[in-house]
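Read the structure below first, then the notes.
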Amino acid sequence: DDEGFITLDPTADPVQGARQVMKFAQALLRHARTVNMPHNQQPTVVRVGIHTGSVVSGLIGTKLPKFSLFGDSMNTSSRMESTCKPGCIQVSE
């Protein structure tokens, strides 16, 4: 809108959205392996945690604003990522 806010499509298909998120995560893992770490030339290995739920977003800071997400869903996905095996995707039920 005129103030810069975006609303989500209330008619969006959640199953299709979940598929798109999983495809993105798989592509992320696949492409990360093509980038070598500069200090040891080994392929980059990342972990992905996926959880759904409500979040609040916003810009934090004035000199160098950063986009951030907040909420229990974000905290859960962070824990999913941090406890995941490297090179894998961990998804909550």
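The values are calculated or read from the model by the stated rules, or taken from the named source; none is laboratory data. Keep in mind that this is a model prediction, so the values were computed, not measured. Here the Cβ positions follow ideal geometry from the backbone for every residue, glycine too, while neighbour counts run over all protein chains shown. All accessible areas refer to the heavy atoms of the entire protein, side chains included, with ligands and DNA or RNA removed. Shrake-Rupley method; radii C 1.70, N 1.55, O 1.52, S 1.80 Å.
Going by the conditions given, is Leu59 over 14 Å from the mean Cα position of the chain (by Cα), assigned to a strand (DSSP E or B) and without any contact (Cβ under 8 Å) to a residue 60 or more places away in the chain? It is true that Leu59 is over 14 Å from the mean Cα position of the chain (by Cα), assigned to a strand (DSSP E or B) and without any contact (Cβ under 8 Å) to a residue 60 or more places away in the chain. Number of residues in the range 59-93 that are farther than 22 Å from Ala32 by Cβ and of a type in the set (Val, Ile, Thr): the value is 3. The selection criterion, being within 18 Å of Glu81 (Cβ to Cβ), out of contact with any Ser or Thr (no Cβ under 9 Å at 6 or more places or on another chain) and in a helix (DSSP H, G or I), holds for Arg30.
Search the range 83-93 for residues being among the β-branched types (Val, Ile, Thr) and within 12 Å of the chain's Cα centre (by Cα), and hand back the single one that is surrounded by the most Cβ atoms within 10 Å (Cβ to Cβ).
Step one: list which residues in the range 83-93 are among the β-branched types (Val, Ile, Thr), which gives 83, 89, 91.
After this cut, where a residue has to be within 12 Å of the chain's Cα centre (by Cα) as well, the list is 89, 91.
On the way: Ile89: 19, Val91: 16.
The residue in question is Ile89.
Scanning the range 46-58 for residues that are open to solvent by 40 Å² or more (accessible area, probe 1.4 Å) and either modelled with pLDDT of 90 or more or polar (S, T, N, Q) (or both) returns Val46, Arg47, His51, Thr52, Ser54, Ser57.
May I ask you to list the residues in the range 70-88 that are closer than 25 Å to Thr44 by Cα and in contact with a strand residue (DSSP E or B) (Cβ under 6 Å, 6 or more places away or on another chain)? Please lay out each step first, then the result.
Going residue by residue through the range 70-88, those that are closer than 25 Å to Thr44 by Cα are 74-88.
Ser77, Met80, Glu81, Cys84 - these are the residues of the range 70-88 that are closer than 25 Å to Thr44 by Cα and in contact with a strand residue (DSSP E or B) (Cβ under 6 Å, 6 or more places away or on another chain).
Residues of the range 5-44 that are among the β-branched types (Val, Ile, Thr) and surrounded by fewer than 10 Cβ atoms within 10 Å (Cβ to Cβ): Ile6, Thr7, Thr11, Val15, Thr34.
Restricting to the range 62-82, name every residue that is in a loop (DSSP other than H, G, I, E, B) and either open to solvent by less than 60 Å² (accessible area, probe 1.4 Å) or at pLDDT 95 or above (or both). Talk me through it step by step, then tell me what you get.
Taking the range 62-82 as the starting set, the residues that turn out to be in a loop (DSSP other than H, G, I, E, B) are 62-65, 71.
Correct list: Gly71 only.
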